[in-house]
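The structure appears below as structure tokens.
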Amino acid sequence: MNFDSTLLGCIADDFTGATDLASMLVRGGMRTVQTIGVPTAPLDTSAQAVVVALKSRTSPSGDAIAESLAALEWLRSLGCKQFYFKYCSTFDSTDAGNIGPVTDALMKALGTDFAIACPAFPENGRTVYRGNLFVGDLLLNESGMQNHPLTPMTDANLVRTLQRQTQSKVGLLRYDAVQPGGEKLAAARAALKADGVRVAIADAISDADLYTLGEACADDVLLTGGSGLALGLPGNFARAGLLAQGDDAQALPAVDGLSAVLAGSCSRATQGQVAHWRENGRPAFRLNTLQLAENSQKVIDEALGFAQQHIGKEPVLIYATSSPEEVAAVQGKLGVAESGSLVEHALAGIAQRLRDAGVRRFVVAGGETSGSIVNALDVKALTIGPQIDPGVPWTVSNGGQRYALALKSGNFGTVDFFEKALTQLDKLMDRPQ
């Protein structure tokens, strides 16, 4: 048997979502590499799973489709046996897409007429029941996601939400079929297909449900969902005799250097993490978006001046995290696209200058922010390591300058995530800072 072949090819619509998915696969024992965009050169790896991280979540649908199909073509060239389209566990999208349009395009390219869609991630409080997405005890549209600056989620019913994005018929794989699994789940899938359903929202309220769904989809050429649905996939490959036993899928090379935290997300979780850092007296510098609009270079210089007073002694936080009211006020003056672009550009420039000052270990909060920073640091691929919190692993860049990177979705992580991540890395590298 060839244990060095690439088995699973994944396409993620943002950078933190890609590391989230890769983390699930590593936990299951699959050696996993994440690429930043579609590689233009051969991939030097023996990974069993490869995740291509795109920045297509909020792109125009035509661009998202083109990028996703390019990623699919490259993954097919690796000989992958199964493919996975990963989106956020809060189903971040608009009525124009991009989850529906990209799913349709991938299904057509792969010649399949059925795929499930399941963003559930119970470990992080995301569950789907009767087609409705919950964040903890709250419906999606009551969880704060209704205030998302780019993809406000105002309908918790995923069947309705996805149906607005696609010409394919969308159905529901109900919990009373998912939970027992086996023949009942197979019969429910068959009944949906016979009724003309091409994409089925799948209920899941526990990790056990995700393992059941994963096993039921062992022969599907395409799966779509959040990272949780991937929990059961390594087991499928292991049962087929395609995974070597005893591999340390989480091993990472050492990275020396200073540490910094950069936060662009305005989610509730990141707001709490920033507040926790500051309340504990740790050094933090806030980027003011309106001041960035007036003179971005001045603000960046001030942030770097502040950082240089601290980074040789302790990690520093530089953040643009704001409350929904503050975000709305700024967007009202600058526009949604311009305000977001200003923050991303500033944090990317700050990351480059922190690198020049000796920072090699970065904790980054926010999907868009993470994408901008890895591009600014010219990172092309990442080896995935151990989990910090559900959905967030440490990673180390491949080739060129080596960086340790924790790329966190804005909504993920405990309130002490920043401190926890840095403490774990020190232990992982066994090099006290």
Exercise. By how many degrees, between 0 and 90 and to the nearest 10, does the Cα long axis of helix 99-110 differ from the longest principal axis of the chain?
Worked result: 60 degrees
Problem set entry | Förster-model FRET efficiency, 30 Å R0, Thr151 and Ala208, C-beta, rounded to 0.05 | 0.55
Problem set entry | Cα-centred dipole magnitude for the chain, charges only on beta-carbon of K, R (+1) and D, E (-1), debye, nearest 20 | 240 debye
Seminar exercise, completed: Ordered by number, the trypsin sites (Lys or Arg not before Pro) in region 289-344 that occupy a DSSP loop and have at most 10 other Cβ atoms within 10 Å are Lys313
Problem set entry | Separation of alpha-carbon centers, region 94-130 and region 363-412, rounded to whole Å | 24 Å
Problem set entry | Estimated FRET transfer efficiency (Arg282, Ala190; beta-carbon r; R0 45 Å; 0.05) | 0.20
Exercise. Lys/Arg Cβ at +1, Asp/Glu Cβ at -1, dipole of region 8-240 taken about the Cα centre: which of Leu158, Ala53, Leu213 is farthest positive-ward?
Worked result: Leu213
Seminar exercise, completed: Restricted to region 258-430, the DSSP antiparallel beta bridge percent, nearest 5, is 30 percent
Problem set entry | Overall Cα dimensions of region 258-430 - principal axes, largest extent first, Å | 47, 31, 30
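Can you tell me how region 8-240 classifies by the Cα gyration tensor, rounded, prolate or oblate, using a/c under 1.5 as the rounded cut? Walk me through the numbers on the way to the answer.
Numbers: a/c = 1.38, a/b = 1.15, b/c = 1.20.
Rounded is the answer for region 8-240, as its axis ratio a/c remains below 1.5.
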For this session: Answer rounded, prolate or oblate for region 22-136, using the Cα gyration tensor with square roots of eigenvalues a ≥ b ≥ c: rounded when a/c is under 1.5, else prolate when a/b is larger than b/c, else oblate.
Result: oblate
Seminar exercise, completed: Residue-normalised 222 nm signal for the chain, counting each DSSP H run of n ≥ 4 as -39,500 (n - 2.57), nearest 500 deg cm²/dmol, is -12000 deg cm²/dmol
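Taking a quarter of the surface of the convex hull around the Cα atoms of region 361-429, what do you get in nm²? Provide the component values of the computation, followed by the final result.
Values: hull surface 17.1 nm².
In nm², the orientation-averaged hull projection of region 361-429 is 4.3.
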Seminar exercise, completed: Heavy-atom accessible area of Tyr129, protein chains in place, probe 1.4 angstrom, given in Å² to nearest 10, is 100 Å²
Exercise. So how exposed is Cys118, as accessible area in Å² (1.4 Å probe, rounded to 10)?
Worked result: 0 Å²
Exercise. With every protein chain kept in the model, how would you rank His345, His148 by accessible area, 1.4 Å probe, largest at the top?
Worked result: His345, His148
For this session: Keeping the other protein chains in place, figure out the carbon and sulfur percent of the accessible area of the chain, with a 1.4 Å probe.
Result: 48 percent
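Report the gain in length on full extension from Glu73 to Ala329: 0.36 nm times residue separation, minus Cα-Cα distance, nm rounded to one decimal.
Values: separation 256, 0.36 × 256 = 92.16 nm, distance 4.25 nm.
Full-extension gain reported as 87.9 nm.
Apply 1/(1 + (r/R0)^6) to the Cβ-Cβ distance of Glu302 and Gln401, taking R0 = 30 Å, and write down the FRET efficiency to the nearest 0.05.
Numbers: r = 26 Å, r/R0 = 0.86.
My answer for the efficiency is 0.70.
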Exercise. Given the protein chains as shown and a 1.4 Å probe, how many square angstrom of Lys81 are accessible, to the nearest 10?
Worked result: 120 Å²
Problem set entry | Cα gyration tensor category, rounded, prolate or oblate, for region 264-317 with a/c compared to 1.5 | oblate
Problem set entry | Per residue accessible area of the chain, 1.4 Å probe, in Å² | 38 Å²
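The values are calculated or read from the model by the stated rules, or taken from the named source; none is laboratory data. Quick caveat, the model's predicted, so the values are computed rather than measured. Glycine gets a Cβ as well: all are built from the backbone with ideal geometry, and neighbour counts include every protein chain shown. Remember, those area values only see protein heavy atoms, side chains included, never the ligands or the DNA or RNA. Shrake-Rupley method; radii C 1.70, N 1.55, O 1.52, S 1.80 Å.
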